[in-house]
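The values are calculated or read from the model by the stated rules, or taken from the named source; none is laboratory data. Bear in mind the structure is a predicted one, so any value in this text is a computation, not a measurement. Here the Cβ positions follow ideal geometry from the backbone for every residue, glycine too, while neighbour counts run over all protein chains shown. SASA here: full protein model, heavy atoms, side chains in, ligands and nucleic acids out. Shrake-Rupley method; radii C 1.70, N 1.55, O 1.52, S 1.80 Å.
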Amino acid sequence: MLGLLAVLVSVVACFVRSLMPALLAFDAALVVLALVDGVLQRGKRIEVERTVGAILSVGRANVVDLTIRNTSRRTVRGTVDDDPIVDATATGLPARVVIPPKGTVRVRYEVTPSRRGRRDFHSVGVRYGSWLGLVARQERVAAPAHADVYPDVHAARVLEMLRRQGRQDARLGSLRVRGGDTEFERLRPYQRGDEVRHIDWRASARRDDPTVRQYQAESDQNVVFAIDIGRAMRGDSGGLTHVDHALNAALLAADVALRGGDKAGLMTFDDVPRAWLTPTGGRSGGRKLTRAVYALEAGLEATDFRAGMAFLQTQMRARSLLVLFTSLIDARSAKELSSAVRSLMPRHLPLCVFMRDMDIEALATAEAKDARDLYTRAAAAESLSWRDDLIRGLRNAGALVLDAKPEDLTPTLVKSYLDVKARRLL
């Protein structure tokens, strides 16, 4: 209001020169009031307490709570913002707040990390107006905290909650591991997706409700997740690297396997084997897997599939399901992969998980406007051609192949694992 009045006086003074002394006096008074208003703003008025989980999930919105406390005797109106953290985006900030005298408000926002590792939180800034509204103050309050960003561990918690409630995930469907036709376990109500041949018609008649025979799947089998961390896995899709997509899928599939009584292990490799985790069962197996991949990143080395698969064979003597995650970028590496995977059979059952390159697929079907576009389209089509040949050859040799978009990798892999158990392929 005072600023608007000063503008009006200035405009009138431009036409009425006799008002110039009054304008100068008004400006001087305004400066004095601003100085007094600024002096009255001295001292701390804001206290901040931050609440954030010790573990955050990569690629998922994680909640952060800020409790803002007003220690003064007047209402504080302003905005709250938090220092940005590395490799993450925040939604819900800056937030407008009105804090009563001696009162508190809670600000909740979400942070979505794009990479794994340690993340440090620093200061919170609160910007509010003065008593007369002539100046604004930016008060920064230190609220240090740190969190470790892991693969998407939240997905396993949601899955467990749905399992306890007797519900199923919309993308994953039923997570029951169906057994064969000989190891009878119990009778239960019919659910969508059950095979008709498993319906017990006598029990259904007695109960006046469709009832099926449930069979117990064989357990205590080995599932090893082999993750390529060579340069081909440095790509990204949907804000996550290919390695993160592979880790999210592997950890959720491992959780399903461990809860079904199997053992889960891990190997990472590029030009040489980098890490090895012997298959372990129970909850400890899941914790070991999560800790082992905490800081895993793809490097710049070319992947040696023969060395990686040879190492696997020396470590695993018993028949196992070997889940190999990779992203192919050239025909030469595809031939090496094919040879290495074939060497695993028939002792082991390999499941090759390929991440589709949606950019190349788009180029192969894009409209060509000139000669350069034609060459680009032909190169993309050639890349898809040798990829299809590789997949066809592996399937003909007896290997399982999963070719999926990175975003669809997790539900597709879980369903493939359940299918392997149901068909008793191990």
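Just one of the listed residues (97, 39) is over 30 Å from residue 236 (Cα atoms) and at pLDDT below 85, namely 39. Please tell me if residue 172 is more than 30 Å from residue 295 (Cβ to Cβ), modelled with pLDDT under 85, crowded, with 18+ Cβ neighbours inside 10 Å and of a type outside the set (D, E, K, R). When the stated conditions are applied, residue 172 does not pass them.
Is one or more of the residues making up region 299-310 modelled with pLDDT of 90 or more, in contact with a strand residue (DSSP E or B) (Cβ under 7 Å, 6 or more places away or on another chain) and surrounded by 18 or more Cβ atoms within 10 Å (Cβ to Cβ)? There is at least one residue in region 299-310 that is modelled with pLDDT of 90 or more, in contact with a strand residue (DSSP E or B) (Cβ under 7 Å, 6 or more places away or on another chain) and surrounded by 18 or more Cβ atoms within 10 Å (Cβ to Cβ).
Among the residues of region 395-407, write down those that are touching a residue at least 12 places away in the same chain (Cβ under 8 Å), in a helix (DSSP H, G or I) and out of contact with any helix residue (DSSP H, G or I) (no Cβ under 6 Å at 6 or more places or on another chain). Correct list: 407 only.
Screening region 280-296 for residues that are of a type outside the set (Val, Ile, Thr) and not in a helix (DSSP H, G or I) and picking the one that is surrounded by the fewest Cβ atoms within 10 Å (Cβ to Cβ) gives 295. Of everything listed in (1) among the small types (Gly, Ala, Ser); (2) in a helix (DSSP H, G or I); (3) over 30 Å from residue 219 (Cα atoms), the single unmet condition for residue 338 is (3). Of 74, 167, 163, all but one fail to be open to solvent by 50 Å² or more (accessible area, probe 1.4 Å), in contact with a Leu (Cβ under 8 Å, 6 or more places away or on another chain), outside any strand (DSSP E or B) and at pLDDT below 90; the exception is 163. Condition check: outside any loop (DSSP other than H, G, I, E, B), open to solvent by 30 Å² or more (accessible area, probe 1.4 Å) and either touching a His at 6+ places or on another chain (Cβ under 9 Å) or of a type in the set (A, V, I, L, M) (or both). Does residue 277 satisfy that? Yes, satisfied. Restricting attention to region 78-96, the residues being open to solvent by 30 Å² or more (accessible area, probe 1.4 Å) and either touching a Gly at 6+ places or on another chain (Cβ under 6 Å) or not in a strand (DSSP E or B) (or both) number 8.
Is there a residue in region 297-314 that is within 15 Å of residue 327 (Cβ to Cβ), touching a residue at least 24 places away in the same chain (Cβ under 8 Å) and part of a helix (DSSP H, G or I)? Looking through region 297-314, at least one residue is within 15 Å of residue 327 (Cβ to Cβ), touching a residue at least 24 places away in the same chain (Cβ under 8 Å) and part of a helix (DSSP H, G or I).
Listed by first and then second residue, the pairs with beta-carbon distance under 6 Å, at least 6 apart or on different chains, first residue in region 191-213 and within 20 Å of residue 418 (Cα to Cα), second outside any helix (DSSP H, G or I) and small (Gly, Ala, Ser), are 193/174. Please tell me if residue 415 is open to solvent by less than 40 Å² (accessible area, probe 1.4 Å), closer than 23 Å to residue 257 by Cβ and assigned to a helix (DSSP H, G or I). No, not satisfied. Based on this model, can you work out whether residue 334 counts as more than 23 Å from residue 265 (Cβ to Cβ), in contact with a helix residue (DSSP H, G or I) (Cβ under 6 Å, 6 or more places away or on another chain) and surrounded by fewer than 20 Cβ atoms within 10 Å (Cβ to Cβ)? Judged against the criteria, residue 334 is not a match.
When the residues of region 186-219 are filtered to those that are acidic (Asp, Glu) and modelled with pLDDT under 80, the one that is surrounded by the fewest Cβ atoms within 10 Å (Cβ to Cβ) is 195. Within region 350-397, restricting attention to residues that are surrounded by 14 or more Cβ atoms within 10 Å (Cβ to Cβ) and within 20 Å of residue 224 (Cβ to Cβ), the residue that is modelled with the lowest pLDDT is 355.
Taking the criterion of being open to solvent by 50 Å² or more (accessible area, probe 1.4 Å) and farther than 23 Å from residue 149 by Cβ, the residues of region 97-121 that qualify are 98, 100, 101, 102, 104, 106.
Out of 249, 257, 232, 203, report the one residue that is of a type in the set (A, V, I, L, M, F, W, C), over 25 Å from residue 350 (Cα atoms) and either part of a helix (DSSP H, G or I) or out of contact with any strand residue (DSSP E or B) (no Cβ under 7 Å at 6 or more places or on another chain) (or both).
So the residue among 249, 257, 232, 203 that is of a type in the set (A, V, I, L, M, F, W, C), over 25 Å from residue 350 (Cα atoms) and either part of a helix (DSSP H, G or I) or out of contact with any strand residue (DSSP E or B) (no Cβ under 7 Å at 6 or more places or on another chain) (or both) is 203.
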